[in-house]
Amino acid sequence: MEKELILENIKEGLIALNSNDEIEYMNKSALYILRDNDREKVGKALINFAKKRIPYYNREFILCNKRIFINLVPVIKEECYMGSVITFVDQNEMNSIAREITGIDQVINSLRASVHEFKNKLHVVMGFIQMKEYREAKDYIMKLQQEENKNFSLVSAVEDHYINAVLLSKGSIAREKRIDFKIENASNLREKHGVISSDDLVVIVGNLVDNAFEACMIFEESENQVKIMLDEDESRIRIEVFDNGIEISDDMKKSIFKRGISTKGKGRGSGLSLVKDKVGLYNGYVKVVEEKDGKRFVVELSKEGEM
């Protein structure tokens with residue numbers, strides 16, 4: 001019974017083959033991942049992998065029209081083949097997890113926003129040219145150049161190119177949403193951060209800023225404001241994101257960092273949950289500080305592995 005409980009509660013799909021390469025056992029996860037495929041069909045597909053009698057680790061395969069990552073270990077005792085143990089996960093789930101933990105979705109969304117804003121500006125320039133309003137076109141281009149110079153000066157103290165790019169792109173999103181987005185003058189962030197990964201900082205900064213934008217958008221008619229401060233020294237990195245959007249209730253504070261919970265309620269996503277996971281990785285902390293005119297998310301990460 002203990003063995004059955006363990007095997008049935010493993011999240012990965014698990015299949016055991018006997019010495020004739022026939023399926024001896026499939027757990028619930030395997031049945032779910034390979035749903036709509038009968039046992040015989042799956043068994044025939046697995047024989048092609050098992051008959052080589054060599055182990056596979058994290059290999060990508062297509063099994064019954066399903067793209068999966070598979071681990072296959074032949075069980076050999078006293079030079080006698082006893083069968084094989086196979087574990088696997090759905091590639092789509094792996095890709096989804098990889099996108100979340102590396103922050104690639106943050107980068108893609110930020111790039112998309114920058115491209116969208118740039119195309120809109122080009123349309124304005126083209127409109128002036130088509131109307132032969134060359135003076136207006138020149139003035140507009142000069143204005144854009146001044147804005148870009150201002151944006152780059154704001155992130156000049158941020159040496160990490162990944163965070164630099166994300167902040168510039170978040171600025172594009174803020175302008176589109178009519179949010180006053182500022183980077184505090186006292187901010188500083190180095191290019192390298194010891195044990196702390198830039199990918200993890202992208203996840204933390206990107207999700208905190210997105211959460212602040214979302215909180216502001218509930219009050220569409222107000223003067224929405226989001227400010228971020230980044231500070232790094234030899235031992236730690238501190239990140240603060242302020243917004244004057246919707247308040248967080250006491251009940252929400254208890255669960256806001258759980259997966260599927262956001263300031264707009266349950267089932268909205270995993271952004272703040274990911275932030276908490278990353279903070280825990282570096283023995284840090286994350287907290288929400290209520291202020292007179294808004295709220296501030298405060299994150300501190302240890303570069304030394306201890307707090």
How high is the relative contact order of the chain? Use alpha-carbon pairs under 8 Å, at least six apart in sequence, and give a whole percent. 11
Reciprocal mean inverse distance between Cα atoms of region 2-96 - Kirkwood radius, Å: 13.5
If the chain between N48 and Y32 were fully stretched, how many nm would it gain, using 0.36 nm times the residue separation less the Cα-Cα distance? 3.6 nm
If a paramagnetic tag sat 7 Å from the Cα of E8 along the Cα-Cβ line, which residues of region 16-30 would have the backbone N under 12 Å from that point? 27-29
Given a Förster distance of 41 Å, the FRET efficiency implied by the Cβ-Cβ spacing of F219 and E93, rounded to the nearest 0.05, works out to 0.65
Whole-Hz Karplus ³J(HN,Hα) for region 82-93, in order, using 6.51 cos²θ - 1.76 cosθ + 1.60 and θ = phi - 60°, x for Gly and Pro? 9, x, 9, 10, 10, 10, 7, 9, 5, 4, 4, 5
In degrees rounded to 10, the 0-90 angle between helix 161-177 Cα long axis and the longest Cα principal axis of the chain is 60
Give me D for the chain in µm² s⁻¹, whole number, from Stokes-Einstein with Rh from the Kirkwood sum over alpha-carbon pairs, 10 °C and 1.306 mPa s. 69
Total formal charge among the other residues, if their Cβ is under 12 angstrom from that of G127, Lys/Arg +1 and Asp/Glu -1: 0
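Every number in this text was worked out from the coordinates using simple rules, so none of it is lab data. Just so it is clear, the structure is predicted and the values come from calculations on it, not from any experiment. Positions of Cβ are backbone-derived with ideal geometry, glycine not excepted, and every protein chain shown enters the neighbour counts.
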